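A short write-up of the structure that comes next.
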Amino acid sequence: MPSFCLSETHVARSDVSDVIDLIYGATLGDDVAWSDLAPRLCAMFRAQRVSLGLSEPSGVLRYLLGGGNEYADAYSAYYHRVDPFRQRAERVFLRLNGASMQAMLGEQLVPDEVLLKSEFYVDFARAAGIRHVLGGSLGVRSASPIALQRDARAGAFDEDDRRLLLMLLPHLQRALQLEERLAVTHRTRLGMGALDALAIGVVVVDGAMRVLHANTAASRLMDGARCGLTMAQAGPRPGIGDISLHARHPDDHSTLGKLIASVATGGAGGALRLRNTRDEPAQHASLAVLVSPAVSHFLSDVRDACRVVQGAATLVIRQLNHTLRPPPALMSELYGLTRAEADVALRFSGGATVEDVARVRQVSLETVRTQVKTILRKTNAASLRDLERIIAISSALVPAET
């Protein structure tokens, strides 16, 4: 943390402590909101406005600080894209990669001769009363710079202001990290709980293959030494997004990464097979992976409408050489099959023929054909291959082992 003497500034030590308490209180919801923090920061820095917006996948900002007025709405909708201060802060964020905090005076970020001729100032900032800026670089997944703003009459920020913001930045950064982790926990509690009840492996990742959730079955599968997928720590700081998905074979990893990136940016997805070891021939690959868009039922509160979530993908994973079939009792409960019909239906999973089933059950072909007609009618399957698909889907409903 930067050191400087508070007595040399216009801010009392108690004021700084109170603001730090407000920062964490706003994150944790302890009868404090982010809107309570904004006026305290403005008073501390003698600023007219403070803004802190998180970038949503849609490209629009979600304000933690400074929203709720026409200027904020206009900035969120368009002007943040041409804001030279934000552009510079984003470059600083990428260069530092979260290694340290930066606080800079407006003139250090954008020289006046550039600012006063910019579209941002001419069409927006001048009318909004924004002339002087003090900015800080922070963020979790992407740059989320904080900006304190003064009009021309209030005068420019000074070095004391910059050092004071630098002191607060680590607390704001931790607050953003807490905000993301608590939001993920809240949004995913019910949706991810449903995934954990499945016996089939399901992993939700972002476009960079960082794991947002892996259900119990997937975690158990990837714990094995002969699974073509693994999860590994991606960075030195534990937390959301620090675990990445890796395919054991480098060629498979590249192919899978491209498919996930495509889905995360709006693609429809697809299926592929992965090799379980680095030396397994491609034609023998037996780990089947289906990559599809993530839906909000797994990544949001269940009250939200079900929709595709940009920036995330869902992977359904299974070992083809490990047969997973639902128990006959489940097929009877789901489709109204008798115990004998359920047993016959399950024997068709894996490509068995009517002759194979008749031979194993030691009954006539006519008996099996009659049972098949009844099974297809009750399950609404169009054919035996369609019945295999229904059985595979039903397998996902098998409760996970505990």
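Assorted remarks:
To keep it simple, each residue is scored yes or no on (1) surrounded by fewer than 15 Cβ atoms within 10 Å (Cβ to Cβ); (2) under 20 Å from ALA218 (Cα atoms).
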residue	(1), (2)
ILE243	no, yes
ALA247	no, yes
ASP251	yes, no
ALA261	no, no
ARG275	no, yes
LEU287	no, yes
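- GLY53 assigned by TED's automatic domain parsing to the domain that holds GLY136, closer than 23 Å to HIS171 by Cβ, modelled with pLDDT under 75 and surrounded by 14 or more Cβ atoms within 10 Å (Cβ to Cβ): no
Residue by residue, here is whether (1) outside any loop (DSSP other than H, G, I, E, B); (2) touching a helix residue (DSSP H, G or I) at 6+ places or on another chain (Cβ under 7 Å); (3) surrounded by 20 or more Cβ atoms within 10 Å (Cβ to Cβ); (4) β-branched (Val, Ile, Thr) holds:
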residue	(1), (2), (3), (4)
GLU113	yes, no, no, no
LYS117	no, no, no, no
ALA127	yes, no, no, no
VAL133	yes, yes, yes, yes
LEU148	yes, yes, yes, no
GLY155	no, no, no, no
LEU166	yes, no, no, no
HIS171	yes, yes, no, no
ALA175	yes, yes, yes, no
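- Hits in segment 377-399 - residues which are part of a loop (DSSP other than H, G, I, E, B) and at pLDDT 80 or above: ASN380, ALA381, ALA382, SER383
- Filtered residue count, segment 201-244, keeping only those that are assigned to a loop (DSSP other than H, G, I, E, B) and at pLDDT 75 or above: 7
- With respect to the stated conditions, GLY155 is at pLDDT 90 or above and small (Gly, Ala, Ser).
- Residue match in segment 87-106 (condition: at pLDDT 85 or above, surrounded by fewer than 19 Cβ atoms within 10 Å (Cβ to Cβ) and either in the same structural domain as LEU37 (by TED's automatic domain parsing) or closer than 29 Å to GLN177 by Cα (or both)): yes
The values are calculated or read from the model by the stated rules, or taken from the named source; none is laboratory data. None of these values were measured; they are calculated from a predicted model. Note: ideal-geometry Cβ built from the backbone for every residue, glycine included; neighbour counts use all protein chains shown.
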